[in-house]
Amino acid sequence: MKFETGMENNTTDMCDGGDCASCTSDPATLVDFKHAVHALGGKWKLEILFTLMHGGIRFGALRRALAPITQHMLTAQLRELETDGLVLRKVLAEKPLQVAYELTDAAWGLTPAFRELLSWSKAHGLRRGVAASEATLGAGLA
């Protein structure tokens, strides 16, 4: 008996097996990819970057915009983003001490990727939520 998973359509090569830049087996490319995933991976990093794309913002306002993030988690994620060169921390000359965060040029370079993610989400992102709702509804009818 043969089972189909629905993934059969996703197993073909994008370039039909020919040599192209997207099919490279260069280990350095994998290292670069892992670096990008590490820099952007994290429970709140993408949300932080997306929020900062509307302009620089003070720590407290950023925390409120990302509720229910904790102060500790926001601080940790901002430090990692700063270390990776994606966020710039500015100490404002005010009393009491105020800190604001803004995107670096490297982070602004992610704008096309964010646009593609939004486009993908509009086209496909709701399927999981719809499927879960349908499963819940179906379970209630059984």
Summed over the other residues with a beta carbon less than 13 angstrom from that of THR104, with K and R at +1 and D and E at -1, the charge totals -2
If I histogram all Cα-Cα distances within region 30-104 using bins 5 Å wide from 0, what percent of pairs lands in each bin? 3, 16, 28, 26, 15, 7, 4, 1, 0, 0
Calculated FRET efficiency for the pair ASP32/HIS124, C-beta based, R₀ 41 Å, to 0.05: 0.95
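Only the coordinates and a few stated rules stand behind these numbers; no lab work does. What you see is a predicted model; the values in this text were computed from it and never measured. When we count neighbours, we look across all protein chains shown, and the Cβ atoms used for this are built from the backbone with ideal geometry, even at glycine.
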